[in-house]
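Enquirer: I'd like to ask some things about the structure below.
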Amino acid sequence: EGVRRPSSSTSSRTFTFVELFAGIGGFRLGLELIGGKCVLSSEVSPRATSIYRDNFDHEDIRQQQKSCLVEGDVLDLDTTCDFPETFDMLTGGFPCQPFTNRGNQLGLEDDRGQMYRELIRILHDKQPPCFMFE
């Protein structure tokens, strides 16, 4: 039933975060272990969102909240209405395929190589106190 997490010594959340290019929830897994609460996540890949839901939907239900996962393209997210008014951290693991041997290594010539700009757009518009990009 989802990802097995070590028990935490604290049950209170200490900060909120948004996870873009969420994949299967790697940032969420780590940040929840240190007291974070995911308030929005976004992923475009149907396969990854299926695994994400398997990993985290039961946790959201247990906490009596609806899933924070938005299944769709980050390009379609509007910072004026799709995001919480405030949150403490913006995280994102933008696509690496344009820069590695897992892709054609077109770098910034590949549309996916430009996705870091979406993180910058959202960072600029929402101005959370901190961010972590990978």
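The values are calculated or read from the model by the stated rules, or taken from the named source; none is laboratory data. All figures in this text were calculated on a predicted structure; none of them were measured in a lab. Don't worry about glycine lacking a Cβ; one is built from the backbone with ideal geometry, like all the others, and counts go over all protein chains shown. Surface areas here come from the heavy atoms of the whole protein model, side chains and all, with no ligands, DNA or RNA. Shrake-Rupley method; radii C 1.70, N 1.55, O 1.52, S 1.80 Å.
Enquirer: Before we move on, is Asn104 of a type in the set (S, T, N, Q), surrounded by 15 or more Cβ atoms within 10 Å (Cβ to Cβ) and at pLDDT below 90?
Expert: No; evaluated as a whole, the condition is false for this residue.
Enquirer: Take the residues of the stretch 1-23 that are modelled with pLDDT under 65 and in contact with a helix residue (DSSP H, G or I) (Cβ under 8 Å, 6 or more places away or on another chain): which is most open to solvent (accessible area, probe 1.4 Å)?
Expert: Glu1
Enquirer: Spot the failing condition for Phe56; the list is (1) of a type outside the set (Val, Ile, Thr); (2) open to solvent by less than 50 Å² (accessible area, probe 1.4 Å); (3) at pLDDT 90 or above, and only one is missed.
Expert: (3)
Enquirer: For the subset of the stretch 16-55 comprising residues that are of a type in the set (Asp, Glu) and under 23 Å from Tyr116 (Cα atoms), which member is farthest from the chain's Cα centre (by Cα)?
Expert: By that ranking, first place goes to Glu43.
To keep it simple, each residue is scored yes or no on (1) modelled with pLDDT of 90 or more; (2) open to solvent by 40 Å² or more (accessible area, probe 1.4 Å); (3) not hydroxyl-bearing (Ser, Thr, Tyr).
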position	(1), (2), (3)
Gly25	yes, no, yes
Gly36	yes, no, yes
Ser42	yes, no, no
Tyr52	yes, no, no
Ile61	no, yes, yes
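This table checks each residue for (1) at pLDDT below 90; (2) part of a helix (DSSP H, G or I); (3) open to solvent by 20 Å² or more (accessible area, probe 1.4 Å).
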residue: Thr80; (1), (2), (3): no, no, yes
residue: Thr91; (1), (2), (3): no, no, no
residue: Leu108; (1), (2), (3): yes, yes, yes
residue: Ile120; (1), (2), (3): no, yes, yes
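Enquirer: Moving on. Could you list, in sequence order, all residues of the stretch 11-57 that are assigned to a helix (DSSP H, G or I) and more than 25 Å from Gln127 (Cα to Cα)?
Expert: Answer for the stretch 11-57, where residues must be assigned to a helix (DSSP H, G or I) and more than 25 Å from Gln127 (Cα to Cα): Pro46, Arg47, Ala48, Thr49, Ser50, Ile51, Tyr52, Arg53, Asp54, Asn55, Phe56, Asp57.
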